[in-house]
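Presented below is the structure to which this report refers.
None of the figures in this text is laboratory data; all of them are computed from the coordinates on show. Just so it is clear, the structure is predicted and the values come from calculations on it, not from any experiment. Here the Cβ is made from the backbone with ideal geometry for all residues, glycine too, and neighbour counts use every protein chain on show.
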Amino acid sequence: MDVDEPHTRPEITAALARGVTRVLWNHGLSSLLEVPLANGRRADLMGLTPNGEIWIVETKSCVEDFAVDQKWPDYRDYCDRFFFAVTEVFPRELVPEDVGLIVADGFGGAVLREAPLMRLAGARRKAVTLLFARLAAQRLALL
């Protein structure tokens with residue numbers, strides 16, 4: 001392993017988040033990290049497309065992280081597309097076929113499988129979009 005590569009789960013997770021943020025940016029999305037949802041869950045990343053489509057990306061640093069996560073289906077009610085983001089060495093066959101797949105590192109990555117589109121209802125879309133906008137404004141104000 002290269003000395004510059006992340007070694008711990010928190011380091012790997014942070015690198016994944018950086019890389020996925022760049023992937024989303026390259027696909028025209030604005031994104032936020034750690035977005036609290038109305039159901040009490042927290043999305044690792046949420047992205048907003050220019051046409052208002054909402055993506056949620058759940059990062060998984062290792063197989064153990066993936067195996068213990070039983071909450072990810074709860075995110076689907078808050079996005080149009082749901083993805084898992086994993087490292088290059090993560091066994092991709094573990095990721096369910098009915099979600100999107102991003103492979104990333106600290107420098108970028110690629111969407112290997114598009115997530116199916118499951119359009120949000122209008123009221124939910126408005127609520128999530130307002131949440132995104134308010135959270136982005138609050139974070140900007142803190143800078």
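State which residue is surrounded by the fewest Cβ atoms within 10 Å (Cβ to Cβ) when the search covers only region 32-74 and only residues that are of a type in the set (G, A, S) and over 9 Å from the mean Cα position of the chain (by Cα).
If we take residues in region 32-74 being of a type in the set (G, A, S) and over 9 Å from the mean Cα position of the chain (by Cα), then G40 is surrounded by the fewest Cβ atoms within 10 Å (Cβ to Cβ).
Here is a yes/no grid of residues against (1) surrounded by 11 or more Cβ atoms within 10 Å (Cβ to Cβ); (2) under 17 Å from the mean Cα position of the chain (by Cα):
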position: C79; (1), (2): yes, yes
position: E88; (1), (2): no, yes
position: P91; (1), (2): no, no
position: A104; (1), (2): yes, yes
position: L117; (1), (2): no, yes
position: K126; (1), (2): yes, no
position: Q138; (1), (2): no, no
